[in-house]
Structures are given as C-alpha cells and as structure tokens.
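Enquirer: Take a look at the following structure, please.
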Amino acid sequence: MLRFALALALIGTLAPPAFAQSNWMVWERPGYRVPTYRMPSDQFYQDDDEEPDRARGQELMSGGPRPPVSPIPPAPISFVSKYAPGTIVIDTAGRRLYLVQSNRHALVYPISVGRVGFTWTGTERISRVAEWPDWHPPAEMRQRDPRLPIKMTGGVRNPLGAKALYLGNSLYRIHGTDNAGTIGRATSSGCFRMTNGHVIDLANRVGVGTTVVVLSRLPSSVAGLAD
C-alpha cells in the first residue's frame, strides 16, 4: 500500500500542469485542425523552397519601402507605320514595347510578356496610372498559389513595381518590376513588365486615354535599326 501511494505521488510530480493537459485535450480533439503559421506582414516568400503553410492564409502583406526611382530613357528606333504618334505598340513575340513618335520613328523598351497560355492580343486604352500600386492577386491566381496574399501594399517587394499603367477594364497592366532578370522573357500571367526605370520614363510620356495595341508579332518591315 505504501509503494502504491509513493507511485501516485511520483506521477503527480511528473504530470504536466493543468494548462498543458487542457492543451493536449484540444490537440487530440477529433476534427481539430492545427492552426497554420502566419508570416509577419513585412515578409514575403521568395522561392519554392519556402514552406507553403508559412504564407497560406495571409490577407495583407507589406510591399516594403518605396525608394525614389529615376527614369531611364529608351532607345530611339526607325519604326515605319501608320500608328498615330503617342500610340503604344506591343510586340509579344519580340518582347518589345514601342512608343510611336511619328510615322517613321518610335522609342523602344524591352519587356516581359505572358507565358504560354497567358498571352493575348487586342487594343485597349490606359485607364489609370498608379505609383507604387497595391497588388490584389485575382482569385484564380491565389488558387494556383495559396501562398499569395489577398492584398500586398505597394513597395519594392510588390511585383507591380514602381508604377502601373492599367489597361481598360481588364486585369492587365504595363508595370514595373524590381527583378530585371525577368525582362525579355515570357513569365507573366498576361501583364507586360518593364524595369522600374523604364516604366517611370514611359509613364512620364503617356497618360490616361493612351491607345495600347497588343500584337502577337510585329511585321519585320516595321521596326528597323536604332537611330
């Protein structure tokens, strides 16, 4: 009997406190879902090595600081066409954006275009110009990548960059990027990326109402060599 009492006393000293016992009961409750870890609002995943659950469920993320960005002038080029001066012409296959200056000249910017299955053609007008815009990934994009937030504020980590030129009522934009390595590639979901310096320069030259013509391929007879 004495041994039994001593055993009970020893178990009592080793047993977890009441709050720990109650936590264990909750974790073992049938159907209970362990809450996922949420990243602080000033962090954003950078690659596929990040654990998906670390960013899943985040509603708002900070895009980081908004440093000043100087415009980078583009190259002038021979561009024989019937487009009116001030028109933006996008050559998807060539991954170039042209700002028509006259019936014989244009300015040319290298861009990134939509990846396979996300390209499009048509004519739109710039409906809005925003500096360091917030980003609201559409539902289908968040479904493809659950790590994406519902909203990310404007900043250097925001994929829309320092400036965004919205095209009509669509979800497409001409926008900047801090990742210059993507320029010249087909990597987007249908938007057109430029370096931040180039998009600042373009935005200084155009505005709301500017016509944007998106072509699958520019005729070889149109664009010549840089002047």
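The values are calculated or read from the model by the stated rules, or taken from the named source; none is laboratory data. Values in this document were obtained by computation on a predicted structure and should not be read as measured data. Neighbour counts are summed over all protein chains in view; Cβ atoms, including those assigned to glycine, are modelled from backbone coordinates with ideal geometry.
Enquirer: Residue pairs, Cβ under 7 Å, 6 or more apart or interchain, first in segment 48-68 and in a loop (DSSP other than H, G, I, E, B), second modelled with pLDDT under 50 and of a type in the set (Asp, Glu). List them.
Expert: What qualifies is Ser62/Asp42.
Enquirer: Condition first: at pLDDT below 95 and hydroxyl-bearing (Ser, Thr, Tyr). Now tell me which residues in segment 152-171 satisfy that.
Expert: Ser170
Enquirer: With respect to Ser102, determine if the residue is more than 14 Å from the chain's Cα centre (by Cα) and not in a loop (DSSP other than H, G, I, E, B).
Expert: Values: more than 14 Å from the chain's Cα centre (by Cα): yes; not in a loop (DSSP other than H, G, I, E, B): no.
Taking the combined requirement at face value, the residue does not satisfy it.
Enquirer: OK, next. Listed residues Thr119, Thr123; which is surrounded by fewer than 15 Cβ atoms within 10 Å (Cβ to Cβ) and either among the acidic types (Asp, Glu) or in contact (Cβ under 8 Å) with a residue 60 or more places away in the chain (or both)?
Expert: Numbers: Thr119 fails: surrounded by fewer than 15 Cβ atoms within 10 Å (Cβ to Cβ).
Being surrounded by fewer than 15 Cβ atoms within 10 Å (Cβ to Cβ) and either among the acidic types (Asp, Glu) or in contact (Cβ under 8 Å) with a residue 60 or more places away in the chain (or both) holds for just one of Thr119, Thr123, which is Thr123.
Enquirer: Against the definition (more than 22 Å from Gln101 (Cα to Cα) and either charged (D, E, K, R) or without any contact (Cβ under 8 Å) to a residue 40 or more places away in the chain (or both)), how does Asp201 come out, yes or no?
Expert: Values: more than 22 Å from Gln101 (Cα to Cα): no; either charged (D, E, K, R) or without any contact (Cβ under 8 Å) to a residue 40 or more places away in the chain (or both): yes.
No, not satisfied.
Enquirer: Residues Thr92, Thr123, Thr87: which one is of a type in the set (Val, Ile, Thr), under 22 Å from the mean Cα position of the chain (by Cα) and closer than 16 Å to Val212 by Cβ?
Expert: Numbers: Thr123 fails: under 22 Å from the mean Cα position of the chain (by Cα); Thr87 fails: under 22 Å from the mean Cα position of the chain (by Cα).
Answer to the check: Thr92.
Enquirer: On to the next question. Which count do you get for residues in segment 136-159 that are of a type in the set (S, T, N, Q) and either within 11 Å of the chain's Cα centre (by Cα) or assigned to a loop (DSSP other than H, G, I, E, B) (or both)?
Expert: Initially, segment 136-159 is screened for residues of a type in the set (S, T, N, Q), giving 143, 153, 158.
If we keep only those that are either within 11 Å of the chain's Cα centre (by Cα) or assigned to a loop (DSSP other than H, G, I, E, B) (or both) as well, we get 153, 158.
Residues that pass the stated criteria total 2.
Enquirer: Could you pull out the residue among Val214, Val222 that is modelled with pLDDT of 95 or more, within 22 Å of Tyr83 (Cα to Cα) and of a type in the set (A, V, I, L, M)? Before you say what the answer is, go through the steps one by one.
Expert: Numbers: Val222 fails: modelled with pLDDT of 95 or more.
One residue alone meets the criteria, Val214.
Enquirer: Quick one: Met141 ticks every box in (1) hydrophobic (A, V, I, L, M, F, W, C); (2) in contact with a Leu (Cβ under 8 Å, 6 or more places away or on another chain); (3) at pLDDT 95 or above bar one, so which box is it?
Expert: (3)
Enquirer: Here is a follow-up. Restricting the search to segment 57-94, which residues are of a type in the set (Gly, Ala, Ser) and within 22 Å of Asn196 (Cβ to Cβ)?
Expert: Applying the first criterion (of a type in the set (Gly, Ala, Ser)) to segment 57-94 yields 57, 62-64, 70, 75, 78, 81, 84, 86, 93-94.
Selection gives Ser62, Gly63, Gly64, Ser70, Ala75, Gly94.
Enquirer: Follow-up question, since we're still on this one. Would you confirm, using the coordinates I've provided, whether Arg157 is over 18 Å from Pro74 (Cα atoms), charged (D, E, K, R) and in contact (Cβ under 8 Å) with a residue 40 or more places away in the chain?
Expert: Details: over 18 Å from Pro74 (Cα atoms): yes; charged (D, E, K, R): yes; in contact (Cβ under 8 Å) with a residue 40 or more places away in the chain: yes.
When the stated conditions are applied, Arg157 passes them.
Enquirer: In the set Ile200, Ile111, which member is more than 19 Å from Met61 (Cα to Cα) and in contact with a Phe, Trp or Tyr (Cβ under 6 Å, 6 or more places away or on another chain)?
Expert: Working: Ile200 fails: in contact with a Phe, Trp or Tyr (Cβ under 6 Å, 6 or more places away or on another chain).
It is Ile111.
Enquirer: Filter segment 66-84 down to residues that are of a type in the set (Ser, Thr, Tyr) and within 17 Å of Leu202 (Cβ to Cβ) and give me whichever is surrounded by the fewest Cβ atoms within 10 Å (Cβ to Cβ).
Expert: Looking at residues that are of a type in the set (Ser, Thr, Tyr) and within 17 Å of Leu202 (Cβ to Cβ), I get Ser70.
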